[in-house]
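The block underneath contains the structure these notes are about, expressed in structure tokens.
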Amino acid sequence: MTTRAQALIPITIAAVIIGVAGLMSIPSESKLESVEFPMGTIKVDKIPLEVQIADTEPRRVRGLMFQDQLPYNQGMIFVFEQPGLYSLWMLNMQFSLDMIWFDQDGKVVHIEKDIPPCKTPLEIAACQSIVPDNDAVYVLEVTSGFVDQNNITKDSVLSIISI
């Protein structure tokens with residue numbers, strides 16, 4: 001008869017292997033580098049937001065990893081040099097997010113709501129990238145519920161005040 005300890009040992013070993021594989025998949029810049037984010041201000045429709053700006057590769061890689069929940073008037077904006085299909089993932093996030101992709105004219109091209117974080121070894125192993133429908137230049141990450149609370153739709157518009 002198998003004891004509880006005998007049954008748990010393979011499960012524990014598998015969890016450790018998955019966790020190590022997940023940690024090894026994190027780009028080295030995000031593990032080793034302390035990243036500073038400049039601050040800016042944007043509006044989505046008429047809603048002002050104070051945003052952290054992720055406009056370089058190390059900043060985009062790090063994103064909101066390990067940060068605490070954001071108030072509804074704050075977010076992070078990812079800024080890319082040219083339009084493209086930019087995917088994001090929720091690795092090492094501490095809370096769920098809404099994500100909004102915008103084109104170079106500030107028009108919404110894709111919205112994802114209530115995306116859960118990938119924190120545990122099992123979640124990290126299954127953590128998927130979120131890919132938009134169309135090319136974007138900006139991606140806004142905000143606390144889950146922002147899109148519904150502020151009636152953000154495909155007709156919403158991004159206005160850059162200072163970034």
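The values are calculated or read from the model by the stated rules, or taken from the named source; none is laboratory data. Quick caveat, the model's predicted, so the values are computed rather than measured. Positions of Cβ are generated from backbone atoms using ideal geometry, with glycine treated the same way; all protein chains shown enter the neighbour counts.
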Exercise. Is one or more of the residues making up the stretch 98-119 in contact with a strand residue (DSSP E or B) (Cβ under 7 Å, 6 or more places away or on another chain), part of a loop (DSSP other than H, G, I, E, B) and in contact (Cβ under 8 Å) with a residue 60 or more places away in the chain?
Worked result: no
For this session: Sort out which residues of the stretch 55-87 are surrounded by fewer than 21 Cβ atoms within 10 Å (Cβ to Cβ) and in a strand (DSSP E or B), and write them in order of number.
Result: Q74, V79, F80, E81, Q82, P83, G84
Exercise. What pairs can you find where one residue is in the stretch 51-63 and aliphatic (A, V, I, L, M), the other is part of a helix (DSSP H, G or I) and surrounded by fewer than 17 Cβ atoms within 10 Å (Cβ to Cβ), and their Cβ atoms are less than 9 Å apart, with a gap of 6+ or different chains?
Worked result: V61/E29
For this session: With the condition kept exactly as written, say whether any residue in the stretch 103-120 is of a type in the set (G, A, S) and under 16 Å from K46 (Cα atoms).
Result: yes
Problem set entry | Qualifying residue in the stretch 101-114 (condition: closer than 19 Å to E57 by Cβ, at pLDDT below 95 and of a type outside the set (G, A, S)) | no
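Select from the stretch 120-161 the residues that are in a loop (DSSP other than H, G, I, E, B) and surrounded by 15 or more Cβ atoms within 10 Å (Cβ to Cβ) and list them in ascending order. Write out each step before concluding.
Step one: filter the stretch 120-161 for residues in a loop (DSSP other than H, G, I, E, B), giving 120, 127-129, 131-135, 144-145, 150-156.
C127, P132, D135, S144, N150, I152, S156 - these are the residues of the stretch 120-161 that are in a loop (DSSP other than H, G, I, E, B) and surrounded by 15 or more Cβ atoms within 10 Å (Cβ to Cβ).
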